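The values are calculated or read from the model by the stated rules, or taken from the named source; none is laboratory data. Quantities reported herein were computed from a predicted structural model and do not represent experimental measurements. Please note: Cβ atoms are built from the backbone with ideal geometry, for glycine as well, and neighbour counts cover all protein chains shown. Each accessible area value is taken on the protein alone, full model and side chains, heavy atoms only, with ligands, DNA and RNA left out. Shrake-Rupley method; radii C 1.70, N 1.55, O 1.52, S 1.80 Å.
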Amino acid sequence: MSLATPTTIRTLQRKQYRKAKVEPAFRFYLLYDKIYREDILRHAYALARANAGAPGRDGMTFAQIEASGLERWLTGLREELVSKTYRPDPVRRVSITKPDGGERPLGIPTIRDRVVQTAAKLVLEPIFEADFEDNAYGYRPGRGAVDAVKEVHRLICRGHTDVVDADLSCYFDSIPHGELLKSVARRIVDRHVLRLIRLWLKAPIEEQDEGDGTRHIGGGKSNTRGTPQGGVASPLLANIYMNRFLKYWRLTGCGEAFRARHRICRRLRHPQSRMCGRGPGVDEGGDDAARADTQRGQDLVEECSDRTLRLPRLLVRASPLQSERSLVSEREPVQEERATVQDAGWQSADARQQRSVARSARHAEQVPAWLVELLLPRDAPIGIPRC
């Protein structure tokens with residue numbers, strides 16, 4: 001079974017993306033019938049089959065489905081969607097160990113629910129991709145954490161020295177359902193699609209006690225927050241909700257006020273993956289350059305005897321530095337910069353270099369005192385040691 005997107009599905013996705021891009025205020029309707037199209041359901045099953053994964057609460061595996069008849073199974077699932085009698089099964093929750101020793105709850109839907117969620121993602125993702133910010137890399141087609149690292153590397157090579165590393169704690173589990181559905185409804189008015197998403201958010205969660213094996217059912221209709229981390233539709237829903245913050249950051253001019261460029265990505269959680277390690281799409285000689293930039297950053301930190309406050313996982317500028325290059329003050333998408341470079345190909349290299357130096361020669365502005373106080377730990381001592 002081929003994983004290449006069929007032409008009919010690709011054509012639909014392109015039409016929806018172009019419509020959403022041209023008309024930012026347009027709200028899409030009549031999408032539910034496309035979710036249960038035979039070609040979309042068949043391709044959704046192929047994608048779910050390629051991702052493999054553990055069985056859900058019902059214990060059904062892909063081998064069992066194919067042994068009993070795949071076409072009959074897909075026909076039955078399609079009939080449930082057409083008649084609107086489809087109901088998601090409870091999500092099986094397990095805990096996986098994180099690199100730092102903690103545990104991350106992971107929700108495993110049944111194969112039946114994974115196929116429907118994949119079909120919905122094939123239909124809805126192009127619409128929201130037209131709205132997502134250029135500086136978001138996590139859980140997006142054709143993008144990943146490696147691309148975010150490359151962009152950070154590019155900015156470091158241009159003279160920017162400070163990188164703020166922040167992590168959202170329990171983000172998937174804390175997304176409010178009401179606000180999330182409002183974000184979806186800004187683009188989707190098909191009530192059947194909204195009902196389908198609400199059913200996934202309200203699906204019961206089953207946990208098994210490791211001691212005596214007792215099963216406990218939680219979540220359900222009383223649950224008002226969280227989307228199962230492990231579901232196919234959860235990353236898309238998480239990006240839709242996060243896009244609210246990114247748009248607010250851009251429209252209110254926060255990046256210009258703080259002279260900051262922000263890059264949103266979800267870091268790879270593999271034991272062998274590191275910010276400077278090899279990965280898909282990284283050049284063979286990229287490790288040495290990345291390690292050199294990392295060492296250069298460490299040297300800069302060691303030299304800042306009276307210029308930077310060193311906080312847990314944060315570097316906050318305390319005073320303007322006349323000798324360092326400033327952070328980027330304007331929003332410059334990568335696509336726009338590439339286009340500018342291509343258009344300016346007729347100009348000499350010396351002229352382009354002079355303009356690059358002139359753009360990066362602006363002095364850094366002083367960070368307001370209220371921002372420094374906001375980032376300080378509440379239980380920190382009065383005298384904070386400087387690096």
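If I stretch the segment between residue 179 and residue 212 completely, what's the gain in nm (0.36 nm per residue apart, minus their alpha carbon distance), one decimal? All intermediate terms of the calculation are to be shown ahead of the outcome.
Working: separation 33, 0.36 × 33 = 11.88 nm, distance 3.83 nm.
Once the chain is fully extended between residue 179 and residue 212, it gains 8.1 nm.
Could you work out how far apart the two model spin labels at residue 61 and residue 244 are, taking each label as a point 7 Å from the Cα in the direction of the beta carbon, and quote it in nm?
Simple spin-label model gives 4.2 nm for this pair.
By how many nm would the segment from residue 11 to residue 165 grow when fully extended, if each residue of separation counts as 0.36 nm and the alpha-carbon distance is taken off?
Numbers: separation 154, 0.36 × 154 = 55.44 nm, distance 3.90 nm.
Fully extending the segment from residue 11 to residue 165 adds 51.5 nm.
Accessible area per residue of the stretch 139-246 at 1.4 Å probe, in Å²? Spell out each step's value before the answer.
On the way: 5380 Å² over 108 residues.
Here the residues of the stretch 139-246 average 50 Å² of exposed surface.
Report, to the nearest whole %, how much of the accessible area of the stretch 15-80 belongs to carbon and sulfur atoms, 1.4 Å probe, protein only.
Details: 2090 of 3930 Å².
The C+S portion of the solvent-accessible surface of the stretch 15-80 is 53 percent.
Using alpha-carbon positions, what is the distance between the centroids of the stretch 82-158 and the stretch 185-216, in Å?
Taking the Cα centre of the stretch 185-216 as reference, the centre of the stretch 82-158 is 16 Å away.
Where in the stretch 137-230 are there GluC sites (Glu not before Pro) that are in a DSSP coil and have at most 16 other Cβ atoms within 10 angstrom of their Cβ?
Values: sites: 151, 179, 206, 207, 210; in loops: 210.
Counting only loop positions with at most 16 other Cβ atoms within 10 Å, the GluC sites (Glu not before Pro) in the stretch 137-230 are 210.
Setting aside same-chain residues fewer than 8 positions from residue 84, which lysines have a Cα under 28 Å from its Cα?
Straight-distance partners of residue 84: 15, 19, 34, 121, 182, 202, 221.
For labels at residue 38 and residue 21 in the simple 7 Å Cα→Cβ model, what's the distance in nm?
Reported label-point gap for residue 38 and residue 21 is 3.2 nm.
For residue 219, list long-range residues whose amide hydrogen, built 1.01 Å from N in the peptide plane, is under 5 Å from its own amide hydrogen.
Residues meeting the amide H criterion: 205.
Which length gain, in nm to one decimal place, applies between residue 51 and residue 87 when the Cα-Cα distance is subtracted from 0.36 nm times their residue separation? It would help to have the intermediate numbers written out before the result.
Numbers: separation 36, 0.36 × 36 = 12.96 nm, distance 2.27 nm.
Between residue 51 and residue 87, full extension yields 10.7 nm more.
How much solvent-accessible surface does residue 183 expose, in Å² to the nearest 10, with a 1.4 Å probe and all protein chains in place?
In the full protein context, residue 183 sits at about 10 Å².
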